[in-house]
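Beneath this line is the structure, given in structure tokens, with notes to follow.
The values are calculated or read from the model by the stated rules, or taken from the named source; none is laboratory data. Worth saying up front: this structure is predicted, and the values here are computed from it rather than measured. No Cβ is skipped: glycine too gets one built from the backbone with ideal geometry, and neighbour counts run over all protein chains shown.
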Amino acid sequence: MSAAPAQLAVGLVSHTNAGKTTLARTLLRRDIGEVGDRAHVTEVAERHVLIESPQRDVLSLWDTPGFGDSVRLYKRLLQSEQPVGWVLSQVWDRFLDRPFYSGQQALRSAREACDVILYVINASELPEEARYVDVELKILAWVGKPVILVLNQLGPARSQARTESELALWRAHLAGHSCIRGALSLDAFGRAWVQEDHLFAQLEAVLPAELQPAGARLRAAWRARNLDVFERSMGVLARQLTNLALDEESLQGTDVAAKLRGWVGNVATGRDRGSVELARAHDVMAQRLVEAARSAMDELITLHGLAGRTAADQLQQLARELTVERPADEHKAGLWGGLISGAAGGIAADLATGGLSFGAGALIGGVLGAMGALGAVSAYNMARGRENGRVRWSSDLLNARVATALLGYLAVAHFGRGRGEFVQGAVPDHWQAALAVIARYKPRLEEAWTIAHEQSNAAETERQLRRTLTELTREVLLTLYPDCAAALSGESNAELAERVPRPPL
């Protein structure tokens, strides 16, 4: 029996306007129902398929009308077991107080159809202020199904430690209600997909014993789907960065040495001695970089079941949030300062090496913007060896783009569909702190840039970057969510499916 497929159902229940439908949209990755900042937006219980396993198990999600007058509702439900109460509910309430009647019907449906209740709490309220919660949990005790508390509407993204602290307050406040069998934080606006695994783990744990194998299969299916999106997202980022590393623009009309002399003369004297072609190449490459970043973000948005497209100002805002702090290379820093001040002394020795890389100077103690950094000549190398010369992005710029790309991924991976079309918000400080692990991956990134610059090998560059980005991003997510290792299991989708017993045909 444990291998037989099963039909499971969970009910989303809460006080009115606590964000049930918003959370449902985020979990379902599609728009359902109606959302709004008013009471009783959802008027009838609606069933939606949340996930199906390869073994034909199905988990359904019921979105129900919110509780309004909870005390009155509790009394009516108790009365409905008696003849007079039944008449009041089915006749009086049905025709004269439709929202009140809908709430009763939703709870009866939950009692009959659901295996587990997800009780959604508005976490913006303090436990002692939300006086309706106590009576609503009495109502859920009447329903008679195990209840999992879900903290929603947590506000701006915060560290996991702070979130766990809030959850502990609610657990302590509601400890007297025996129907509560689990609790977790899952904000409809800003949860990370790795946190969803906690929901499935708790669902599996509170199911009746005979249904737990099906719960395990559904959890494996959910995890496999999320891991597939994660792996494909890393492919998107690797492809974007590979194209960026290989991108170059030829300088037309004269040899590179003359272009360099003209460039230096222009900086030192303010006279134009041939820098127009260099500026043209820079502008062309800058435009390609912005379009590539926009395209990658749009792919991530689609992969994560979100709506909307990335605007250029969102890309700029995302990059401006990345503050880079590291020791400067003294030679390059001095050279950068000299160029900015118009003093060209000391540049000849660097020109003799055959190339320029001022990327470090663009990053010293400042903020890298998707557009701002592009306006600096330090963002690219000049290479000799061809008749007309060429320019390409420096490894410093490419390393910075890795950090910016990961910020973009984190923004998309945390954005809930219930929030509406994707909009880039402020980057939390703890995300920036987590990105510090990038420094340990710099040798591997430099190896990828070398493959691109010296071998022009796109396939090998992309393979190297995909492996590195996958490991790097896993570590960033584990830094942010240390207890989500299970959701980031290194098992492939096939391995996950293989571990779960299949029912006989």
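Just so you know, in segment 249-284 the residues that are surrounded by 19 or more Cβ atoms within 10 Å (Cβ to Cβ) and outside any helix (DSSP H, G or I) include one that is modelled with the lowest pLDDT, and it is L251. In summary, P482 fulfils each of the numbered conditions (1) modelled with pLDDT under 90; (2) farther than 27 Å from L398 by Cβ with the single exception of condition (1). Working only within segment 168-198, note down all residues that are among the hydrophobic types (A, V, I, L, M, F, W, C) and buried (at least 18 other Cβ atoms within 10 Å of the Cβ). Of everything in segment 168-198, those that are among the hydrophobic types (A, V, I, L, M, F, W, C) and buried (at least 18 other Cβ atoms within 10 Å of the Cβ) turn out to be W170, L174, C179, I180, A183, L184, L186, A188, F189, A192, W193, V194.
Please work out which residue is modelled with the lowest pLDDT, limiting yourself to segment 416-433 and to residues that are closer than 14 Å to S159 by Cβ and assigned to a loop (DSSP other than H, G, I, E, B). Looking at the filtered set, the residue picked out is V427.
When you look at V437, is it among the hydrophobic types (A, V, I, L, M, F, W, C), more than 15 Å from L246 (Cα to Cα), in a helix (DSSP H, G or I) and touching an Asp or Glu at 6+ places or on another chain (Cβ under 6 Å), yes or no? Don't jump to the end; show me each part of the working.
On the way: among the hydrophobic types (A, V, I, L, M, F, W, C): yes; more than 15 Å from L246 (Cα to Cα): yes; in a helix (DSSP H, G or I): yes; touching an Asp or Glu at 6+ places or on another chain (Cβ under 6 Å): yes.
In short, yes.
Taken over segment 485-505, the criterion of being surrounded by fewer than 16 Cβ atoms within 10 Å (Cβ to Cβ) and either at pLDDT 95 or above or aliphatic (A, V, I, L, M) (or both) is satisfied by A485, A486, A494, L505.
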